[in-house]
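Novice: Dropping a structure here in structure tokens format, bear with me for questions.
The values are calculated or read from the model by the stated rules, or taken from the named source; none is laboratory data. Only a predicted model underlies this, so the values are computations on that prediction, with no experimental measurement involved. As a convention, Cβ positions derive from the backbone with ideal geometry for all residues, glycine included, and neighbour counts pool all protein chains shown. Quick note on the areas: whole protein, heavy atoms, side chains included, nothing else; ligands and nucleic acids left out. Shrake-Rupley method; radii C 1.70, N 1.55, O 1.52, S 1.80 Å.
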Amino acid sequence: MGAQAARSRALAVLRVRSRALAVALLPAAAAVILLVGGSTGRLAGAGWDVLRWVVSVLALIVLLAAAGVALVVARSRPAVTPTVTVAEESAPDLYRMVRDLADRLDVPAPSAIALTPDCDSWLEDRTHPAHGPPPPVKHEDDPTGLGGPAHRRSAAAPVLVIGSPFLWWMRVGELRAVLAPVVAGTGPSAHPDIAAARRFIRGLDAAVAVASAGRRDPLSRVACAGLGWASRLLLRSCRGHAAEMERGVAAAAAERAQAVDYGLRIVAQEQVGLAYAGWDRLLTRVALPAWRMGRWPSRLDVGVVAALTELSRRDRLAEGFASRLGERPACDLLEEPGVMDEAVSLLAARLFHGGPAETGQDWSPVGWAEYPEEVVDRTWRTDAARLHRVLDTLGVRRAAEGAAPGTDGPTLARVLDHLTTPPASITAAPGAGAEAGTGSGPDAHSDAPHPPYGDHGDHGTPAPAADDDDLEGTTARGAALAAGLSAQLAREEAEARPAGVRAPSSAPGPAVGPDAALWDDRALPLLPLQPPRTGREILTAHITAMVCCAAMDTAGAAPALDWLDGPSLLFAGARAADLAPGVLSLVESGDPGPLRAWMTELGIRPEKPVRLV
């Protein structure tokens, strides 16, 4: 039923295309009638001659415009997801599993397999002329790569894109069950009407993107405006039919896949949700601090397994999932999982943060064993150094009058004394955030415990200046300090971004890596993880970083990595707790009492200078 509905909607989309062609040909048909009538003497006279010229010129203009729009729609490059292609020689078992699944579902096998740093799987058509046909994939039963009838191979078959966290977290049987309805979608995709309708929709979407890019000269601007108007008009006419067509395709694929591992698919869907939650936590709390320091974790997929295993240990609802770990993981279907994990990890850094396409002096991989020293410690000390630089610009004394010699260095006491405010003056300074720059957004998991260092840095592009609402709930001195920190962050990011981000095709990538041909010259990052932070959040993060530096230098604390919460502070091997309330009390009310009590209990000495970057 779903397949029939999809085909009928595809025909409706193609009828829109046919009507558009008919409308474009109407002036030409009228011109032909007038010319034939004039040649036979039936439509003779000065008035008919003028009308013939006007209609003929109009027909020529319309035909040229229609031909231009058709050419752009046919040749424009549709948007394609950047992925890491998995060659069959690097994953023969994975290809064999997918082909066996396609045979069981009686559908064409996908033309290729690719990985994406996302918790999703889908089919993607890359047969557009701008992309070129996918390379033929050879296997034992078909050494020519042309595709024998046993596997119903087709050069026009879509590419199967698999979320890399699925490969590392799921077991082989679970991955097969999750991919069954996706692979079943190659059947409807092979239908000529559905394929033609999809090509038409993608071409229109690409044409709109071309028109939106615009040109500087007036003639090009007019041409782009006309192209955009025609493409958007056709897209609006096709929108409803295209949505119903895709629903029909999905319904047909789901119906066909019901007989394949149906019971296991229910269990596997639970793993999909768990993998998504762990992947999101790993990216926002573990990967982002490293990316902002110019380091990219090279084993993100291994990290998500560690994070979800830790979640299974902490959460009673997830206790049953630990027993799965004895089964064969799906990443065993790859010949070199480590190489593929590194390529996907670099792609994730580019998609979500905008890092360069290759390793360099300021953009290098970091292993999980080196993460505490290379990322956590460096992040805290960099933020603490920035905090003291801003205090210097505000004219804050390095040490109090009459202080002992040697205490004029960067101390936590300097920060506490500056932010300590008498109760009568606890108000936010009006307009104090006028110079605020940017930062990173609030944590997406408000119900989860926050890492003790806060959330540092920013995504790159300076955000608009903070308004008074950004600094609501801070003291007057805190608001001024937050504004200075935000402005300093914006300046640093503006200086670093041009050198840190190059065009995707500026240098050849590694042997296994993101597909450079799929990038174009799009702005990076394509999918930023969080919105900009407020000035208050930036101030809180920097004060927390300073406290952590003092703890490491005066009380023997150590930086560490928590798989679920990111960078953490350890005292005698145990994670420090209850730091956030003390910092918030200082920021919001200028009361250092709770924070000083916390530091006294752990032996932290705020008057001692700390080491900065």
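Novice: Can you tell me which of (1) part of a loop (DSSP other than H, G, I, E, B); (2) of a type in the set (A, V, I, L, M, F, W, C); (3) under 30 Å from residue 121 (Cα atoms) is the one residue 43 doesn't meet?
Specialist: (3)
Novice: Please determine whether any residue of the stretch 583-595 is surrounded by 21 or more Cβ atoms within 10 Å (Cβ to Cβ), within 17 Å of residue 285 (Cβ to Cβ) and at pLDDT below 95.
Specialist: Among the residues of the stretch 583-595, not one is surrounded by 21 or more Cβ atoms within 10 Å (Cβ to Cβ), within 17 Å of residue 285 (Cβ to Cβ) and at pLDDT below 95, which makes the answer no.
Novice: Open to solvent by less than 70 Å² (accessible area, probe 1.4 Å), part of a loop (DSSP other than H, G, I, E, B), touching a Pro at 6+ places or on another chain (Cβ under 6 Å) and not polar (S, T, N, Q): which single residue out of 78, 82 fits that description?
Specialist: 82
Novice: Here are the criteria: (1) modelled with pLDDT under 90; (2) surrounded by 23 or more Cβ atoms within 10 Å (Cβ to Cβ). Tell me which single one residue 269 does not satisfy.
Specialist: With respect to (1) modelled with pLDDT under 90; (2) surrounded by 23 or more Cβ atoms within 10 Å (Cβ to Cβ), residue 269 is out only on (2).
Novice: Given the condition open to solvent by 40 Å² or more (accessible area, probe 1.4 Å) and either closer than 19 Å to residue 388 by Cα or over 32 Å from the mean Cα position of the chain (by Cα) (or both), answer yes or no: does some residue in the stretch 562-573 qualify?
Specialist: So far as the stretch 562-573 goes, yes, one or more of its residues are open to solvent by 40 Å² or more (accessible area, probe 1.4 Å) and either closer than 19 Å to residue 388 by Cα or over 32 Å from the mean Cα position of the chain (by Cα) (or both).
Novice: Which residues, taken from the stretch 533-578, are of a type outside the set (S, T, N, Q) and part of a loop (DSSP other than H, G, I, E, B)?
Specialist: 533, 556, 557, 563, 564, 565, 572, 573, 576, 577, 578
Novice: Search the stretch 154-188 for residues being at pLDDT below 90 and surrounded by fewer than 22 Cβ atoms within 10 Å (Cβ to Cβ), and hand back the single one that is nearest to the chain's Cα centre (by Cα).
Specialist: The qualifying residue nearest to the chain's Cα centre (by Cα) is 156.
Novice: Go over the candidates 43, 14, 51 one by one and state the one that is open to solvent by 30 Å² or more (accessible area, probe 1.4 Å), among the aliphatic types (A, V, I, L, M) and out of contact with any Gly (no Cβ under 7 Å at 6 or more places or on another chain).
Specialist: Answer to the selection: 51.
Novice: Turning to a different aspect of this structure: Quick one: is residue 313 outside any strand (DSSP E or B), of a type outside the set (Ser, Thr, Tyr) and modelled with pLDDT under 90?
Specialist: yes
Novice: Further question: Exactly one condition in (1) in contact (Cβ under 8 Å) with a residue 24 or more places away in the chain; (2) over 30 Å from residue 261 (Cα atoms) is false for residue 181; which is it?
Specialist: With (1) in contact (Cβ under 8 Å) with a residue 24 or more places away in the chain; (2) over 30 Å from residue 261 (Cα atoms) applied to residue 181, the lone miss is (2).
Novice: Separate question: Considering only the stretch 341-377, how many residues are open to solvent by 10 Å² or more (accessible area, probe 1.4 Å) and under 17 Å from residue 305 (Cα atoms)?
Specialist: Within the stretch 341-377, residues that are open to solvent by 10 Å² or more (accessible area, probe 1.4 Å) and under 17 Å from residue 305 (Cα atoms) number 4.
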